[in-house]
Structures are given as structure tokens and as C-alpha cells.
Amino acid sequence: MQSKEISQETTATHRVEDSKSTVDTLEQAYPPAPEKVALHAQDGDEETARYASQRGHIDEATNKRLFWKINKRILIIMLVTYFCQSLDKGTLGFSSIMGIKTDAHLTGQDYPWLGTILYMGILAGEYPQNFLLQKLPVGKFLATNVFLWGTVVTCSAASKTFGSLMAVRFLLGFFESCVQPTFIILTTMWYTREEQTLLTSLWYSMTGVQLMVGGLIAYGVSHYKGGVIFSWQLLFLILGCCTVAWSAVIFFILPDSPMRAKGFTEEEKVMLVERVRHNETGIQNRKYKRYQVVEAFTDSFVWCCVALILVCNLVIGGLGVFSNLIIAAFGFTVLQTQLLNIAQGAVTIIVMLGSAYLAQKTGQTCLIMVIWTIPAIIGTGVILGIKPTSSNAGGLLIAFYCTQFFLAQGNMIISLVSRNIAGQTKKGITLTLTFVGWSVGNMIAPQLFQTNDAPRYTHGFIAHLCIYGVYLLIVVLTRVILMRRNAQKRQASAAAAGTDGENAVSHDLAFQDLTDLENPNFRYVY
């Protein structure tokens, strides 16, 4: 795939030059002076360096064996944890048609605010969580947060008023805010660039699995009537207790780093470090570097990622909170709507894995992002243009499933961040900014669907059509910026080495905690 990317970049160089005037005001001058690179390269992580210094060749069989061994220890933990997070966060959607509005005396915009407050909690948690993530052992840090949010979900079963529900939803968001940044760190720590897009989509696709499993659980719990608690409270209680139990598994199974992983020999640990060397994004570094903070805040690509994830979640956040209400408005009963979550979940999994497979196969992530927006635009247009009747409910349901293609944008944006940002402090700040954008988008999204606009939510879907247009423009700008950077890096490498820009690339600086802008060997993928 690397050769495909290099070929793609070479043939596109003339187009990059034509685009310079578009991005000149956004870009910094690079590469930095060699003395600056040499100075910063002295600040690499000592624990990583002990293993990185023992360079060796990894044959295909060994690489494959290590890959599957990593999956058993790391990927499974990420998949189940993201499933728990999606399920716990999605309890509001399931409970929306289980009577929570009546039982908790929710009126007006109370329900949309329960969707918004979660992301206010995430927004409040992003900076402290990402700061602690760089400083603390990754495995123990994640396990603690999972235990805390599981406890919050369990306690949510006692909530019967708008105020108490707002409080627990805020706390849930605060503790859940660590998950995606932690997973990005784990992905870059254990997996190669070529593997990351598909793997990111795998844990993102747990959103679809939780719709399927959660739909079945909610269907069963919906039959609970006349007990001491409401059916939606029982749902909170069951899911919260399961999450608390899972936190113990994370604590004892998930390694904090490849260098400290139990169950791997010392030789295997060297190979684990070596196999991610060409990522040029490092493994860990606990030093907080101010210059990397400044670079993150002044990097145009970072702000493109923030804009992308903010804008796309203006759509995704609203569809997530209101999906059951939208489907029910087509004419389906409560129990039918719960069961239809299974089909919706299957669609979500297919579109997420499909986007990742095509992006990995073609090396064209930004292009797949554009293509995957088209079905969402068509589906939204159909929902807007056709009034629900008993005869067209199936067609409208298919149109709604088309909008689910847009859910895959999230994992593709995250894969751009994980593969294209280097320097641990810069990565931490980028993750903070990115998920602040994610939180803001999700905070605003439920407010696009006004209660007085139910059941068709016409104004909300019109807003979605406008958002799609803005999103596509940002995707194009992001691609132009990364293409131009690669062209400049190749020119600088060729000038310095007196040879071809790609042949001049080595991986000697891979674990020196240099940023993507200052590392002359770093190449962007898009």
C-alpha cells in the first residue's frame, strides 16, 4: 500500500502546486532547521529506547503471529470497551420509547437537553483526561474510568427527575471522554499505519453492534411491566452492572505498553517495538513539551480535523439521539422500533467496515469520505420530500438507513489523526482539540431537532443537507494540505541527500518524539 501512496502523491504533485495559493496563509514553513531536530531528538522515551536500539528484521510469519497475539490482548479489550461505552451512552435512545419522558416528567426541550448534557460532560473531561493519559499507565487509567462510568450508569436507575438525569448524564460524559483518545494511543502504540484504518473502524463499528444487542435487550426489558421500578430504570441497572464487571477485566488484562506487556518474551517486545517503527509516531513519552503545544495550536491540519469532526457530528449526534423517534414516526410500534435497531446496527457495521476496507485498499481515505457522504444526502432528501404513510414506511426506513453511511465519517477522521500526528504532547493536544470539536458537534446536534417540529423534524433535516456541503469542502481542503506537505518534504529530502526524496527516508528518528512537521522522515497519508 505504501507504494500506491507514493505513486499517488507523485502523480498529484502538479495539482498540489496549483493549490498553493489556497493554503499558503494556513501553513507554517518547514522542515525546521536540522539543529532544532537534533535538539528535540534527545528527548525520546528511555524505556522505549532500550528496546528500539535492538533493531532486527521481522519476517512475514513472525509479523503475522505477533499481529494476532496483539489482537487477543489489545483489540478484544478495545472492542468490548467501546461496545460498553456505546451501549451505556445509547440507553437514552432506547429509553426514549420506553416511557422515560412520561415517567421522569420531561417536557419541552428536556429530552434533547439530556442528549446535549452528555457532551458537555465530555467537553469538560477532554483536557484533564488527555493530560492524565500522557502521564499515567494507559491500562490502569482506562480501567478506572470504565469503573466510574459503569457506577454512574448503575446509579442512573435511581433517577426519576430531569435534574437528576442531567447530573448523571454529565458525569457519564466526563468519565467516557477518555475512551477514544485512549484507543488512539493504543492503536498507534501497537499497530502499524497500514493496519490502523481497519482496526479503528472495527472498534467504531461497535456502535452498530450495540444497536443490535441493545435493541434485543431493550426489547426484552420493555416487557417488564408493573414492577417496583420502570422498565427503562431496569435497563440502566443491568447495563451499568455489566460495565463495572468489565472494568476489572481491563485492569488485569490490558498492558500499559508493549515494553511492559506480560505474556510476551523480551525478544517479542523488541519485535513489537520494531514493527511500529515506520509509523514515525512513537510509542510513549511522559515529558510535556511546550513547543509541541504551540505547534498543535498553529497546525492547519489539526484545525481541519477539529472542523471535520465537529461538522460531521452535527449530523451524527442528532441521528443517534433521535433515531428511534424518527423511525417510530414512520408508523412502526415501540416493539417493532426496538427490533429494527438490529437492522440499523447491521447497516452501521457494514458501512463502517466497508469504508475502512476501501480506504485501506485504495489508500484514498479522503476520497472515500466524499463517496460515503452521497448516500446520506440522498436519504435525507427522500425523508424530507416524502410524507410518511402506511404504504411507504419501508421505503422511508431504507432512506433512513442511507443516512447511516455518514456514521463512518467518524472513524475515517480518527484514522487521519492517528496516522498523521506525531509527537506525544502534540498528539495529546490534538486529541483534546479534536474531541472538544466532537463534543461541541454532539452538544449542538440534538438541538437541531426541535420538539415542536416533530414527528418529521423538517428543519433538522434541512440543516443536515447544508452541513453535508460544508463538510465536503473541509475534506477537500484537508487533502490539499496533506498533499502539499508531502511534496515539500520530498523536495527537502531530495535536496539534503542529493537523491530521490523517498529513497532518502530512514526511520532512525522514529522513537525520538519528534512531531510530524519537524521529522524529515515523516510522510502523511490521506
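If a residue has to be at positive phi and surrounded by 24 or more Cβ atoms within 10 Å (Cβ to Cβ) to count, how many in the range 197-245 make the cut?
0
Between a residue in the range 446-465 that is farther than 19 Å from Tyr119 by Cα and any residue that is of a type in the set (Lys, Arg), which pairs come within a Cβ distance under 8 Å, given they are 6 or more apart or on different chains?
Arg456/Lys387
For the range 192-206, which positions are farther than 18 Å from Pro258 by Cβ and either of a type in the set (Val, Ile, Thr) or assigned to a helix (DSSP H, G or I) (or both)?
Across the range 192-206, the qualifying residues are Thr197, Leu198, Thr200, Ser201, Leu202, Trp203, Tyr204, Met206.
Six or more apart or on different chains, Cβ under 6 Å: which pairs go from a residue in the range 353-367 that's within 14 Å of Glu194 (Cβ to Cβ) to one that's part of a loop (DSSP other than H, G, I, E, B) and aliphatic (A, V, I, L, M)? Could you list them?
Gly363/Met1
Any residue at all in the range 246-256 that's touching a residue at least 40 places away in the same chain (Cβ under 8 Å) and either buried (at least 24 other Cβ atoms within 10 Å of the Cβ) or of a type in the set (Lys, Arg) (or both)?
no
Just to be sure, is Phe94 more than 30 Å from Gly428 (Cα to Cα) and in a helix (DSSP H, G or I)?
Yes, satisfied.
With the condition being surrounded by fewer than 22 Cβ atoms within 10 Å (Cβ to Cβ) and modelled with pLDDT of 85 or more, I'd like the helices (runs of 4 or more DSSP H) fully within the range 396-504 carrying at least 2 qualifying residues.
Because the criterion is at least 2 residues that are surrounded by fewer than 22 Cβ atoms within 10 Å (Cβ to Cβ) and modelled with pLDDT of 85 or more, the helices (runs of 4 or more DSSP H) in the range 396-504 that meet it are 424-444, 458-497.
For Leu340, state whether it is buried (at least 21 other Cβ atoms within 10 Å of the Cβ), under 21 Å from Val417 (Cβ atoms) and in the same structural domain as Trp372 (by the TED database).
Judged against the criteria, Leu340 is not a match.
Going through the range 127-146 one residue at a time, which ones are crowded, with 19+ Cβ neighbours inside 10 Å and of a type outside the set (A, V, I, L, M, F, W, C)?
Gln129, Asn130, Gln134, Gly139, Asn145
Looking at the range 70-126, which of its residues are of a type in the set (Val, Ile, Thr), open to solvent by less than 30 Å² (accessible area, probe 1.4 Å) and under 18 Å from Ala143 (Cβ atoms)?
Ile74, Ile77, Thr81, listed by residue number.
Could you run through the range 273-306 and say how many residues are open to solvent by less than 30 Å² (accessible area, probe 1.4 Å) and farther than 30 Å from Arg50 by Cα?
Of the residues in that region, 7 qualify.
I'd like to know if the range 266-289 contains one or more residues that are closer than 30 Å to Asp59 by Cβ and without any contact (Cβ under 8 Å) to a residue 60 or more places away in the chain.
Yes, there is a match, as at least one residue in the range 266-289 is closer than 30 Å to Asp59 by Cβ and without any contact (Cβ under 8 Å) to a residue 60 or more places away in the chain.
Would you mind finding the one in Ala422, Ala399 that is touching a helix residue (DSSP H, G or I) at 6+ places or on another chain (Cβ under 6 Å) and among the small types (Gly, Ala, Ser)?
Ala399
For the range 106-120, name all the residues that are part of a loop (DSSP other than H, G, I, E, B) and touching a Ser or Thr at 6+ places or on another chain (Cβ under 7 Å).
Within the range 106-120, Gly108, Gln109 meet the criteria.
Return the only residue of Gly125, Gly115 being in the same structural domain as Phe174 (by the TED database) and modelled with pLDDT of 85 or more.
Gly125
Determine whether Ile368 is buried (at least 17 other Cβ atoms within 10 Å of the Cβ) and closer than 19 Å to Thr478 by Cα.
yes
Assess whether Thr380 counts as being buried (at least 18 other Cβ atoms within 10 Å of the Cβ) and under 27 Å from Val440 (Cα atoms).
Here the answer is yes, as Thr380 does meet what is asked.
The values are calculated or read from the model by the stated rules, or taken from the named source; none is laboratory data. Predicted, not measured: the structure shown is a model, and the values here were computed from it. Every residue, glycine as well, gets a Cβ built from its backbone with ideal geometry; the counts of neighbours run over all protein chains shown. With ligands, DNA and RNA removed, areas are computed over all heavy atoms of the protein, side chains included. Shrake-Rupley method; radii C 1.70, N 1.55, O 1.52, S 1.80 Å.
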